[in-house]
Amino acid sequence: MPNPDPYIALALQTACDAVNADQTTEQARARMARSLDRIRAQIIASKRFIGADVRLVVLPEYFLTGFPMGEPAGVWAEKAALEIDGPEYQALGEMAGAADVFIGGNAYERDPHFPGLYFQTSFVVAPSGETVLRNRRLVSMFAPSPYDVHARYVEIYGRDALFPVADTEIGRLAAISSEEILYPEIARALALRGAEVIVHPTSEAASALPSPKNIAKQARAIENLAYVVSANSAGIDGIAIPRASTDGSSKVIDYRGLVLAEAGYGESMTAYAELDIAGLRRYRRRPGMGNILSRQPMSLWRDAYEGFEIQPRDSLLDADGKPTAPGAPFYAERQRKAIQGLVDKGVI
């Protein structure tokens, strides 16, 4: 594929109208539809203001719903999780076409192969309306992940679905959900599959201090010679947590780890910057100490990790290999066991 022309990527800092208080699925879907109408207008107006070369817009983590606040997995799956290619994705496809942009975002999503569960999914929708990238979160504190049903997931989708990269007209795109930016192995696995732009929907506490996630965003860019486009929430309405607890600091970072643009607090389109994919590709092919990606002794890392199992796979598959919805205490108990395992091995 030829090098794309330089283009503008926008990390759109938009507010989240949470569905937690909605008593029915119909109420929640109506709220999501209103949010989509608002975001559609924001994307089109932002592109009109910034310029016609805006080609990528990234939205925050769970921008349509907020996050579960104690709801059982089955209840949240029914009320807040989207259907694959359902009406919400269709609306995103329509707005991507209307604005002629790729739209990255994050949502809870149902999968017919895993009834009663949901996955947190980061996605990219192309101007054609097609969802060209769908990456389910692998490391999650309080939600199911493909790792929890690994054997069945790989049987259905194949191993490549765990670390997908989309080769598009604006470069090779990958996605990392929120806190997963703290796990260097995830970004490295995507880079080894060709990722050049990491779409990072997040909903986090921004700070003038060097927060762990902000440090990690720059580190992942440097380590993998990749752009990071990170969109944070502009606050969450409809939950008891103070609104601005997740607000601010949406940003665009280049492949040298330089912050090219960053938003303040509140709804904002100011976190936009030019991405030069041709320049990135030249840099990746340039010998020197800065070419960290080319200097990785991968067999050394493989040997170092061998034999260490911290979180068990397939925790949500029963003896017959069928998915099971977890109860509320499941995740806390699993982590306690993992910590005890690290103690027993002398790691901590």
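The values are calculated or read from the model by the stated rules, or taken from the named source; none is laboratory data. Computed from a prediction, not measured in an experiment: that's the story for all the values here. Backbone-built Cβ (ideal geometry, glycine too); neighbour counts: all protein chains shown. Just so you know, the surface numbers come from the protein's heavy atoms only, side chains and all, with ligands and any DNA or RNA stripped out. Shrake-Rupley method; radii C 1.70, N 1.55, O 1.52, S 1.80 Å.
Report relative contact order for the chain in percent, whole number only (criteria: Cα-Cα under 8 Å, sequence separation at least 6).
Taking the mean separation of contacting Cα pairs over the length of the chain, I get 21 percent.
Taking every eigenvalue of the Cα gyration tensor of the chain, multiplying by 5 and rooting it, what semi-axes result, largest first, whole Å? Each step should come with its number before you reach the end.
On the way: eigenvalues 169, 148, 71 Å².
Gyration-tensor ellipsoid for the chain: 29, 27, 19 Å.
So which DSSP H runs in the chain come out at 15 Å plus along the axis (Cα) with average Kyte-Doolittle of at least -1.0?
Long hydrophobic helices here: 25-50, 87-99, 330-344.
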What percentages make up the Cα-Cα pair-distance distribution of the stretch 126-178 when the bins are 10 Å wide from 0? 23, 46, 27, 5
For the stretch 254-331, which trypsin sites (Lys or Arg not before Pro) are both in a DSSP coil and crowded by at most 15 other Cβ atoms within 10 Å? Arg256, Arg285, Arg313
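Estimate the FRET efficiency between Arg284 and Ala319 by the formula 1/(1 + (r/R0)^6), using the beta-carbon distance for r and 41 Å for R0, to the nearest 0.05.
Rounded to the nearest 0.05, the efficiency is 0.30.
Counting only heavy atoms of the protein chains, get the accessible area per residue of the stretch 286-348 (1.4 Å probe) and round it to a whole Å² value.
Working: 4780 Å² over 63 residues.
Counting only protein heavy atoms, the per-residue value for the stretch 286-348 is 76 Å².
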Restricting attention to the stretch 59-122, which GluC sites (Glu not before Pro) occupy a DSSP loop and are surrounded by at most 12 other Cβ atoms within 10 Å? Glu83
Solvent-accessible area per residue for the stretch 135-216 at a 1.4 Å probe radius, Å²? 38
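Give the residue list of trypsin sites (Lys or Arg not before Pro) in the stretch 1-46 that are DSSP loop and have at most 13 other beta-carbon atoms within 10 angstrom. Intermediate values should be presented prior to the final figure.
Numbers: sites: Arg29, Arg31, Arg34, Arg38, Arg40; in loops: none.
Loop-located and lightly packed - none at all.
Counting only helical runs of four or more DSSP H residues, what would the 222 nm mean residue ellipticity of the chain come to if each run contributes -39,500 (n - 2.57) and the total is spread over all its residues? It would help to have the intermediate numbers written out before the result.
On the way: 9 runs with 107 residues, N = 348.
Dividing the helical sum by the residues of the chain leaves -9500 deg cm²/dmol.
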Once you have a ≥ b ≥ c as the square roots of the Cα gyration tensor eigenvalues for the stretch 236-293, tell me rounded if a/c is under 1.5, and otherwise prolate or oblate according to whether a/b is larger than b/c. prolate
Consider a paramagnetic label point 7 Å from the Cα of Gln335 along Cα→Cβ; state which residues of the stretch 161-195 have an amide N under 16 Å from it. 179-183
Classify the stretch 24-63 from the C-alpha gyration tensor, please: rounded if a/c falls under 1.5, else prolate or oblate depending on whether a/b exceeds b/c. prolate
